[in-house]
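Peer 1: The following block contains the structure, expressed as structure tokens.
The values are calculated or read from the model by the stated rules, or taken from the named source; none is laboratory data. Everything numeric in this text was worked out from a predicted model, so none of it was measured. Cβ sites come from the backbone with ideal geometry, for glycine too, and all protein chains shown count toward neighbours. All accessible areas refer to the heavy atoms of the entire protein, side chains included, with ligands and DNA or RNA removed. Shrake-Rupley method; radii C 1.70, N 1.55, O 1.52, S 1.80 Å.
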Amino acid sequence: MTLRTLGQTDLRITPIGIGAWAIGGGKWEFAWGPQNDDESIAAIHAGLDRGINWIDTAAVYGLGHSETVVGRAIQGIAPRPHVFTKCSLVWDQSGTISHNLQADSIRREAEASLKRLGVEQIDLYQIHWPAWRGAPEAASPGSIEEAVGALAKLKEQGKIRHIGVSNFNAQQIERANRVAPVASFQPPYSLLSPEVESSTLPYALAHRIGVIVYSPMASGLLSGAMTRDRIAALADDDWRKQSPNFQEPLLSRNLGLVEILRAIGQRHGATAGEVAIAWTLRNPAVTGAIVGVRSAKQVSGIAGAADLQLGADDVLEIEQQLMSRAA
């Protein structure tokens, strides 16, 4: 795969990265249902074998379990892939998640993540959310400035290489950047969630901040493998069961879009999911896309997105379908 430079850093990353949200397993608030750890490790290895050179996870995924699985998967691999993870979401013994931007909390999270991942340094350490559950930022202990200051100290200590933010708006990125250089920004971005095109993506491009987008296939909905029967059979603890995109009236429109993506993919020898991912990668602000995998088989349906170049006719066909959805 070709490599892209992440913002103004020395990190050279593949256009797609391995996303580790779903491999956190079930029985937590934002789970994707049960997940076999051996299958997760096989999926990570399959992605690395295809040339993907980075993995994105977070402490909160599976309440620490995703990082543990990633650590098992990369143990002994040399050179090891770049490892990106996140902080600011913490949990108590009952599994209740809360948000904390205080420096002491950030430091504790970093130490725990390093231990679970089995690494001496995190390549990109990101503040997961600037605020939580729609509450105002002031509702969280600490502040963006305090959290970034803590990350800057961790960088000085050599425990992290670069500082990133996730789910921030342009103003919040600017505040963070005043404290320490922000290497990257991680927003949701897909055909079903293009909102950042008019706001934070232009800001990141203008300020040479790297962008790694998440959910480019809209949490699997645009993969081409999602059907009504499969959605109906989702586990009770799969958060997608509550998502409006997976329910009517949006579901029918979304599956109609998948058929357009499938037809475009057939012209390129690609899957619908690869077309959806490639659509995000064509934005000049986007450095890479995080693609979740839960099995080795799934990797073959997404890896081609890294080199897929959509033509003007392909993009126009997609845009016409989106316009018809909005009508």
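Peer 1: Give, rounded to the nearest 20 debye, the magnitude of the charge dipole that region 237-327 has about its Cα centre when Lys and Arg contribute +1 at Cβ and Asp and Glu contribute -1 at Cβ. Walk me through the intermediate numbers first.
Peer 2: On the way: 9 positive and 10 negative charges, 43 e Å.
The calculated dipole for region 237-327 is roughly 200 debye.
Peer 1: Let me ask something else about it. How high is the relative contact order of region 72-169? Use alpha-carbon pairs under 8 Å, at least six apart in sequence, and give a whole percent. Present the calculation step by step, with values, prior to reporting the outcome.
Peer 2: Details: 143 pairs, mean separation 31.3, N = 98.
Over region 72-169, the number comes to 32 percent.
Peer 1: Using the charge dipole of region 170-230 (Lys, Arg: +1 at Cβ; Asp, Glu: -1 at Cβ; taken about the Cα centre), state which of Pro187, Ser199, Ile209 has its Cα farthest towards the positive end.
Peer 2: Ile209
Peer 1: By a straight-distance test (C-alpha under 28 Å), which lysines pair with Lys297 as possible cross-link partners, with residues fewer than eight away in the same chain excluded?
Peer 2: Lys297 reaches Lys27, Lys86, Lys241.
Peer 1: How much net charge surrounds Ile144 when only other residues with a Cβ under 9 Å from its Cβ are counted (Lys, Arg +1; Asp, Glu -1)? Please list the in-between numbers first.
Peer 2: Values: positive: Arg175; negative: Glu137, Glu145, Glu146.
Charge balance near Ile144 sits at -2.
Peer 1: Tell me, what is the 1.4 Å probe accessible area of Leu316, in Å² to the nearest 10?
Peer 2: It works out to around 90 Å².
Peer 1: Of the options Val83, Val291, Gly17, report the single residue whose Cα projects farthest towards the positive end of the charge dipole of the chain (beta-carbon charges: Lys, Arg +1; Asp, Glu -1).
Peer 2: So the residue furthest toward the plus end is Val83.
Peer 1: Residue by residue through region 47-59, which ³J(HN,Hα) values in whole Hz follow from phi under the Karplus form 6.51 cos²θ - 1.76 cosθ + 1.60 (θ = phi - 60°), with glycine and proline marked x?
Peer 2: For region 47-59, the Karplus curve yields x, 5, 5, 7, x, 5, 10, 8, 10, 10, 9, 7, 4 Hz.
Peer 1: Here's something else I'd like to know. Would you pull out the residues with amide H under 5 Å of Gln126's amide H, same chain only if 5 or more places away, H placed 1.01 Å from N?
Peer 2: Those lying under 5 Å, H to H, from Gln126 are Thr85, Lys86, Cys87, Gly164.
Peer 1: Given (i) 0.99; (ii) 1.45; (iii) 0.95, which label gives Cα Rg over 2.2 N^0.38 Å as computed from the coordinates?
Peer 2: The calculated read-out lines up with (iii).
Peer 1: A further question on this structure: Which ³J(HN,Hα) values, rounded to whole Hz and listed in residue order, are derived for region 22-38 from phi using the Karplus coefficients 6.51, -1.76 and 1.60 in 6.51 cos²θ - 1.76 cosθ + 1.60 with θ = phi - 60°, glycine and proline given as x?
Peer 2: Once θ is set to phi - 60°, the couplings for region 22-38 become 5, 6, x, x, x, 6, 9, 4, 10, 6, 10, x, x, 8, 7, 5, 5 Hz.
Peer 1: How large is the dipole of the chain about the Cα centre if only Lys and Arg carry +1 and Asp and Glu carry -1, each at its Cβ, rounded to the nearest 20 debye?
Peer 2: Numbers: 30 positive and 33 negative charges, 72 e Å.
The calculation lands at about 340 debye.
Peer 1: Let me ask something else about it. Give the accessible area for His207 in Å² (nearest 10); use a 1.4 Å probe, count only protein heavy atoms, and leave out ligands, DNA and RNA.
Peer 2: 80
Peer 1: Let me ask something additional. What accessible area per residue comes out for region 184-245, rounded to a whole number of Å², with a 1.4 Å probe? Numbers along the way, then the final one.
Peer 2: Numbers: 2580 Å² over 62 residues.
Roughly 42 Å² per residue, with all protein chains present.
Peer 1: Sticking with this structure for a sec: How big is the charge dipole of region 120-184 about its Cα centre, in debye rounded to the nearest 20, if each Lys and Arg gets +1 on its Cβ and each Asp and Glu gets -1 on its Cβ?
Peer 2: It comes to approximately 20 debye.
Peer 1: Sticking with this structure for a sec: Checking the cross-link filter: which aspartates and glutamates have an alpha carbon closer than 16 Å to that of Lys155, excluding same-chain neighbours under 8 positions apart?
Peer 2: Reachable aspartates and glutamates: Asp10, Asp104, Glu109, Glu111, Glu120, Asp123, Glu145, Glu146.
Peer 1: What is the packing order of peptides 177-187, 139-149, taking the mean over residues of other C-beta atoms within 10 Å and listing the highest first?
Peer 2: Final packing ranking: 177-187, 139-149.
Peer 1: Spelling out what I want: for every residue of region 233-245, take phi, set θ = phi - 60°, compute 6.51 cos²θ - 1.76 cosθ + 1.60 (Karplus), and round to whole Hz; glycine and proline get x.
Peer 2: 8, 4, 4, 4, 9, 8, 4, 5, 4, 9, 7, x, 5
Peer 1: Next question. If you stretched the chain out fully between Ser295 and Glu145, how much longer would it get, using 0.36 nm times the residue separation minus the C-alpha to C-alpha distance? The partial results should precede the final answer.
Peer 2: Working: separation 150, 0.36 × 150 = 54.00 nm, distance 3.88 nm.
So the chain would gain 50.1 nm between Ser295 and Glu145.
Peer 1: Also, quick follow-up: Which three extents, in angstrom, do the Cα atoms of region 34-127 have along their principal axes, listed largest first?
Peer 2: 38, 29, 17 Å, listed from the longest principal axis down.
Peer 1: I would also like to ask the following. How big is the antiparallel share of DSSP beta bridges in the chain, given as a percent to the nearest 5? Don't jump to the answer; show the numbers that get you there.
Peer 2: Values: 7 of 34 bridges.
If I count the DSSP bridges inside the chain, around 20 percent turn out antiparallel.
Peer 1: From the residues Val119, Gln320, Ile97, which one has its Cα farthest along the dipole of the chain in the positive direction, the dipole being from +1 and -1 charges on Cβ of Lys/Arg and Asp/Glu about the Cα centre?
Peer 2: So the residue we want is Val119.
Peer 1: Tell me which residues come under 5 Å, amide H to amide H, from Asp238 once H is placed; ignore anything under 5 positions away on its chain.
Peer 2: So Asp238 has HN proximity to Gly33.
Peer 1: Could you tell me which trypsin sites (Lys or Arg not before Pro) in region 229-327 are loop residues by DSSP with no more than 13 other beta carbons within 10 angstrom of their beta carbon?
Peer 2: On the way: sites: Arg230, Arg240, Lys241, Arg253, Arg262, Arg267, Arg282, Arg294, Lys297, Arg325; in loops: Arg282, Arg294.
When the trypsin sites (Lys or Arg not before Pro) of region 229-327 are filtered for loop state and at most 13 Cβ neighbours within 10 Å, Arg282 remain.
Peer 1: Out of residues 5 or more away from Phe168 or on other chains, whose amide H comes under 5 Å of its own, with H placed 1.01 Å from N in the peptide plane?
Peer 2: Here the answer is Gln186, since their amide H atoms fall under 5 Å of that of Phe168.
Peer 1: How large a share of the accessible area of the chain, in percent, is made up of carbon and sulfur atoms when the probe is 1.4 Å and the other protein chains stay in place? Write down the numbers at each step before the final one.
Peer 2: Values: 7070 of 13870 Å².
About 51 percent, which is the carbon plus sulfur part of the accessible surface.
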